[in-house]
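Shown next, in structure tokens, is the structure this report addresses.
The values are calculated or read from the model by the stated rules, or taken from the named source; none is laboratory data. The structure displayed is predicted, hence computed values, not measured ones. Positions of Cβ are generated from backbone atoms using ideal geometry, with glycine treated the same way; all protein chains shown enter the neighbour counts.
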Amino acid sequence: MTIDLNRRDVLQASLAGAVSIAMPAMAQSNFPSRPIKLICPWPAGGSTDAVMRAIAESASRILNNPVIIENKGGAGGMLGPNELVSAKPDGYTLSQLPMGILRIPHMQKTLFDPLADFTYVACLTGYTFGIVVRSDSPIKSIKDLVDYAKANPGKFTYGSTGNGTTPHLAVEEFAMKAGIKLQHVPFKGNAEGMQAILGGHIMSHSDATGWGPHVEAGTCRLLATYGSKRTKRWPNAPTLNELGYDTVSDSPFGVGAPKGMDPAITRKLHDTFKATLEDPKVLASFEKYDQSVIYMNNEDYTKYARETFPKEKKLIEQLGLAKPA
């Protein structure tokens, strides 16, 4: 009798253990079983919003499951990454990871440590940045801008998508190398900045190519772009680098999740977002905003973050924008 009870206990324990091991595997195989939230940490209507919506729609088709964009604009693109810190690592809360996550922690206290608090799912693309003025502005070139700023220190105003974003830091780096002082006006996103410049509230706007339709419509003039080479879409616009200001700002971005996510879920999400890069509709959205495919898998994207974080600290310090020690 005692032997039978022991055998039964052992059998029940074994079955319970098998079930406990199988349940996570079942959860992985059933993922996703409900809508996935993909945070776009910029307001609706801008270039990032448009591209992220194309990616989300493509991912929805691939997964046969809704991937829903939620806009959380402000704080230089940090509201999405901030939410990942407290979200469950179950794959149902994701965010775009802008370059600001590797810069802003050097400038101010943040809710996250970019090297410890995120799962870097996949890098997908990157921005083309440039600075524009209204078409009726007397500033017709970067030389005109520099000349005006030298004659009127601190009076030339430019907008950007927020403190610590690439459009902000690239102009500050250019200004430092040009020996000029400009007045920065931060906005929550591209749409607000473009409204400000078109309304005459600022003299120029530095951003990704949300200004593109206005340049093509003739309401804005593109003075320069910030990449390592001229863009295919605006080949007549010089780069800051070729003008002699030694400023190159490329800004790759991708999708992130909370830390501690199951590797199988990370892999499924990675494979899904990688597949969106073959979708003609996604590629058309990249083309519209002069963005290219910049793909990195989970391991390479994580490595990129670890290598870039200390490099950005040096730039922040050179610009005098580092937070107090």
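What the table shows:
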item	result
Qualifying residues in region 239-258 (those that are part of a loop (DSSP other than H, G, I, E, B) and surrounded by 17 or more Cβ atoms within 10 Å (Cβ to Cβ)) - the one farthest from the chain's Cα centre (by Cα)	L240
Selection count where residues are without any contact (Cβ under 8 Å) to a residue 60 or more places away in the chain and of a type in the set (K, R), scope region 271-300	0
Among (1) in a helix (DSSP H, G or I); (2) closer than 14 Å to T161 by Cβ, the one test that G45 misses	(1)
Any chance L111 is closer than 30 Å to R267 by Cα, in contact (Cβ under 8 Å) with a residue 12 or more places away in the chain and surrounded by fewer than 19 Cβ atoms within 10 Å (Cβ to Cβ)	yes
Residue match in region 92-110 (condition: assigned by TED's automatic domain parsing to the domain that holds R306, in a helix (DSSP H, G or I) and of a type in the set (D, E, K, R))	no
Test set (1) among the small types (G, A, S); (2) over 25 Å from E317 (Cα atoms); (3) assigned to a loop (DSSP other than H, G, I, E, B); (4) not assigned by TED's automatic domain parsing to the domain that holds T239 - A116 fails condition number	(2)
Unique match (being outside the structural domain of K177 (by TED's automatic domain parsing), part of a helix (DSSP H, G or I) and free of Cβ contacts under 8 Å to residues at least 40 places away in the same chain) among K303, K268	K303
Hey, G164 touching a residue at least 60 places away in the same chain (Cβ under 8 Å), outside the structural domain of K232 (by TED's automatic domain parsing) and of a type outside the set (F, W, Y) or not	no
Candidates K181, K143, K177 - the one that is in contact with a Phe, Trp or Tyr (Cβ under 7 Å, 6 or more places away or on another chain) and more than 18 Å from P41 (Cα to Cα)	K177
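One line per residue, one yes/no per condition, for (1) closer than 30 Å to S33 by Cβ; (2) in contact (Cβ under 8 Å) with a residue 40 or more places away in the chain; (3) not aliphatic (A, V, I, L, M):
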site: V185; (1), (2), (3): no, no, no
site: I202; (1), (2), (3): no, yes, no
site: A217; (1), (2), (3): no, no, no
site: K232; (1), (2), (3): no, yes, yes
site: G260; (1), (2), (3): yes, yes, yes
site: P263; (1), (2), (3): yes, no, yes
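Residues are listed down the side, and each one gets a yes or a no for (1) of a type in the set (A, V, I, L, M); (2) modelled with pLDDT of 95 or more; (3) in a strand (DSSP E or B); (4) in contact with a strand residue (DSSP E or B) (Cβ under 9 Å, 6 or more places away or on another chain):
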position	(1), (2), (3), (4)
V133	yes, yes, yes, yes
I139	yes, yes, no, yes
L145	yes, yes, no, yes
Y148	no, yes, no, no
G162	no, no, no, yes
F174	no, yes, no, yes
H184	no, yes, yes, yes
A191	yes, no, no, no
